[in-house]
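Below is one structure; the comments refer to it alone.
The values are calculated or read from the model by the stated rules, or taken from the named source; none is laboratory data. Just so it is clear, the model here is predicted, and its values are computed rather than measured. Cβ sites come from the backbone with ideal geometry, for glycine too, and all protein chains shown count toward neighbours.
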Amino acid sequence: MLDQLKIPYELRAYEVSEMELDAVSVARKVNMPPEATFKTLVARGDKTGVIMACVPGSLELDLKKFAAATGNKKVELVALKEIQPLTGYIRGGVSPLGSKKRYPLFLDQSALNHEQISVSAGQRGMQMILSPHDLQRAAQATLADLARPVSS
């Protein structure tokens, strides 16, 4: 998809561990800052149906902000067992690009603070490094304020 759009990107492989599927661990393994390593989450809105969010690995998705940005009253993450049937991807390998069906993608606006960001390339152990502007264009993503600090 990126090749067709003539978008430059770099693939970085890393060793997969079931204990370290979180974005902060992945960031360390691909030598990217956690705030520039984005995780893709699959959710369902009460008005829109399935939607996807890309947020920095150092933060978490704020469901209230996500609902407001997507025109929903309520948004909840889909159950783990639904991820593969909906997207074709497994947990830890959900890419913002190329899912089975094209769902609206919302990219946290902090992505634009970075020259390059890292997102899943569609399988565990593989990240794509690309410009946030290029990701936004390729995915036809909407920029929004979606994230909050991780609550302890």
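Identify, please: which residue in the range 18-37 is touching a Pro at 6+ places or on another chain (Cβ under 6 Å) and not charged (D, E, K, R) and is, among those, modelled with the lowest pLDDT? Applying the filter and picking the extreme gives Val24. Checking every residue in the range 82-90 against the condition of being at pLDDT 90 or above, surrounded by fewer than 17 Cβ atoms within 10 Å (Cβ to Cβ), out of contact with any Asp or Glu (no Cβ under 7 Å at 6 or more places or on another chain) and closer than 20 Å to Thr142 by Cα gives zero matches. Of all residues in the range 4-23, those satisfying the criterion of being surrounded by fewer than 10 Cβ atoms within 10 Å (Cβ to Cβ) and either touching a strand residue (DSSP E or B) at 6+ places or on another chain (Cβ under 7 Å) or more than 29 Å from Gln140 (Cα to Cα) (or both) are Glu15, Glu18, Met19. Of all residues in the range 96-115, those being crowded, with 17+ Cβ neighbours inside 10 Å, farther than 21 Å from Ala67 by Cα and polar (S, T, N, Q) number 1.
Does Ser58 fit the bill of being of a type in the set (Gly, Ala, Ser), over 23 Å from Ala138 (Cα atoms) and within 14 Å of the chain's Cα centre (by Cα)? The answer is yes for Ser58. The set of residues in the range 76-105 that are more than 16 Å from the chain's Cα centre (by Cα) and in contact (Cβ under 8 Å) with a residue 12 or more places away in the chain contains only Glu82.
Residue-level check: of (1) small (Gly, Ala, Ser); (2) touching a Pro at 6+ places or on another chain (Cβ under 7 Å); (3) farther than 13 Å from Lys39 by Cβ; (4) modelled with pLDDT under 95, Ser151 misses just (2). Annotation note: Cβ proximity below 6 Å between a residue of the range 1-16 that is in contact (Cβ under 8 Å) with a residue 24 or more places away in the chain and a residue that is part of a loop (DSSP other than H, G, I, E, B) and of a type in the set (D, E, K, R) (sequence gap 6+ or interchain) occurs for Val16/Arg124.
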